[in-house]
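The values are calculated or read from the model by the stated rules, or taken from the named source; none is laboratory data. Note that the structure is predicted; figures quoted are calculated from it, not measured. In this analysis, Cβ positions are derived from the backbone assuming ideal geometry, glycine residues included, and neighbour counts consider all displayed protein chains. Keep in mind that these areas ignore ligands, DNA and RNA; they rest on the heavy atoms of the full protein, side chains included. Shrake-Rupley method; radii C 1.70, N 1.55, O 1.52, S 1.80 Å.
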Amino acid sequence: MKRNNWIFFLPLVLFSCSGPKNLTGEKELPSLKKMFQQDFHIGAALSAPQIQQKDSATNRLIQKQFGSITAENIMKCEVIHPEWNRYSFELADQFVDYGRKNRMFIVGHTLIWHSQLSPFVQKIKNRDSMQLFMENHIRTIVSRYKGKVNGWDVVNEALNEDGTYRKSIFYELLGEDFIITAFRLAQEADPGAALYYNDYNIEQPKKRAGAIAIIKKLQAAGVRVDGVGIQGHWRSYKVPLQDIEESIRDFAALGVKVHFTELDLGVLPNPWDSDAADVNMKAEYSAKMNPYAGGLPDSVATQQAGSYGELFRLFLKYKDEIDRVTFWGVHDGQSWLNGWPIRGRTNYPLLFDRKLQPKPAFFKVTETKTNPSSRKSF
Ligand code: G3I
């Protein structure tokens with residue numbers, strides 16, 4: 001061995017002693033998508049500016065941490081299909097190109113949802129026109145991204161809290177079979193894309209029963225359904241771990257994969273003590289309802305970190321049934337929970353803060369991989 005060969009081994013020694021460091025000697029942050037790559041995809045919902053890579057630091061964070069992306073808003077009807085005969089694909093094309101360039105698992109959100117509909121859809125009054133809308137909408141969008149979008153949230157939020165069907169415009173005009181129609185159309189337009197039913201609170205027993213009935217109905221009709229999306233808009237101080245565990249088991253028993261599609265753990269009080277994520281629910285602002293406007297107290301950050309840790313320990317326990325865990329946003333400053341259900345609050349639901357720095361929750365999540373003994377409780 002030549003005299004100075006040791007120098008080639010130095011990086012290895014440094015790495016194994018203290019984790020990788022960058023050129024300035026700072027310890028590098030681990031990458032979630034790499035840490036969990038044998039387990040499930042780690043994803044994030046992206047806003048329009050993020051898709052357009054407006055901020056380079058955010059862009060670097062996204063590319064390093066997330067292996068899957070969902071469009072937070074720009075594939076919804078009001079954006080992508082504003083008029084009967086007009087589609088607006090500019091942002092959606094950019095989103096799909098971004099995901100492909102970075103070899104990400106791309107999720108299309110969402111084809112059939114009662115909210116954020118274009119005005120022309122809200123005016124549809126009869127069955128035939130609604131059927132025609134669904135055919136045009138699903139065929140046009142899904143076939144445009146055939147072979148590029150990996151999975152679609154085909155139907156979003158079709159259920160009420162008690163497990164009955166939401167009386168959406170689709171349900172009112174087409175009856176409960178609108179779900180079968182939507183999945184069949186998506187399957188025909190891209191037989192290779194995975195198809196999901198996505199909803200919030202479906203870990204709760206009554207609503208879960210409704211979701212199970214939908215999946216069974218699709219299966220009985222011979223229509224493919226590959227996964228169920230549990231959104232995961234929970235409060236950090238009240239994560240329903242037992243319901244989540246039972247749901248993973250129940251859904252997996254149907255032969256579908258489980259996706260956690262919109263994960264965020266808000267820290268603020270909820271006016272109705274509820275985990276509903278219905279965008280139409282609104283409440284009045286008061287200072288009492290916005291307690292952390294000046295910053296997140298350590299005690300709350302620690303509590304939230306513990307909840308994220310418990311959740312990821314559960315996810316790892318069921319990694320064979322879970323395909324993806326997607327956060328609903330990249331950093332706290334961008335979260336929808338700053339504006340819902342009360343406008344103008346300061347919430348802290350994600351793993352990265354407003355300066356793109358990892359929070360204690362980030363490290364609790366990575367600890368579930370680096371310190372397997374912390375998993376013993378499950
Ligand atoms: O695009 C307009 C912009 O032109 C306008 O200037 C601005 C003024 O308010 O509004 C912009 O639209 C907003 C849109 O987000 C894009 O930023 C809407 O007001 C706002 O209501 C909308 O909120 C989105 C919400 O869905 C609406 O349905 C949230 O960002 C988005 O995170 C949220 O996502 C949903 C999932 O799709 C389904 N599950 C629940 C989840 C949370 O509600």
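State whether the residues of segment 90-112 include one that is in contact with an Asp or Glu (Cβ under 6 Å, 6 or more places away or on another chain), at pLDDT 95 or above and not in a helix (DSSP H, G or I).
Within segment 90-112, one or more residues are in contact with an Asp or Glu (Cβ under 6 Å, 6 or more places away or on another chain), at pLDDT 95 or above and not in a helix (DSSP H, G or I).
If you take the residues in segment 297-349 that are small (G, A, S) and under 15 Å from L241 (Cα atoms), which one is most open to solvent (accessible area, probe 1.4 Å)?
G306
Looking only at segment 147-165, count every residue that is among the small types (G, A, S) and at positive phi and tell me the total.
Adding up the residues that qualify gives 2.
Suppose we filter segment 174-206 for residues that are under 19 Å from the mean Cα position of the chain (by Cα) and either within 20 Å of D278 (Cβ to Cβ) or within 16 Å of the ligand (Cβ to nearest atom) (or both); how many remain?
9
Scan segment 31-60 for residues that are basic (K, R) and more than 21 Å from M75 (Cβ to Cβ) and jot them down.
Within segment 31-60, K33, K34, R60 qualify.
Tell me yes or no: at least one residue of segment 268-275 is open to solvent by 60 Å² or more (accessible area, probe 1.4 Å), within 14 Å of the ligand (Cβ to nearest atom) and in contact (Cβ under 8 Å) with a residue 40 or more places away in the chain.
Taking every residue of segment 268-275 in turn, none turns out to be open to solvent by 60 Å² or more (accessible area, probe 1.4 Å), within 14 Å of the ligand (Cβ to nearest atom) and in contact (Cβ under 8 Å) with a residue 40 or more places away in the chain.
I need the full set of residues from segment 69-121 which are open to solvent by less than 50 Å² (accessible area, probe 1.4 Å), within 16 Å of the ligand (Cβ to nearest atom) and free of Cβ contacts under 8 Å to residues at least 12 places away in the same chain, in order please.
S88 - this is the single residue of segment 69-121 that is open to solvent by less than 50 Å² (accessible area, probe 1.4 Å), within 16 Å of the ligand (Cβ to nearest atom) and free of Cβ contacts under 8 Å to residues at least 12 places away in the same chain.
Are any residues in segment 30-53 within 14 Å of the ligand (Cβ to nearest atom) and either hydrophobic (A, V, I, L, M, F, W, C) or without any contact (Cβ under 8 Å) to a residue 40 or more places away in the chain (or both), and if so, which ones?
A44, A45, L46, A48, P49, I51 - these are the residues of segment 30-53 that are within 14 Å of the ligand (Cβ to nearest atom) and either hydrophobic (A, V, I, L, M, F, W, C) or without any contact (Cβ under 8 Å) to a residue 40 or more places away in the chain (or both).
I'd like the residue in segment 312-336 that is under 30 Å from K54 (Cα atoms) and part of a loop (DSSP other than H, G, I, E, B) and, out of all such residues, is farthest from the ligand (Cβ to nearest atom).
Out of the qualifying residues, it is H331.
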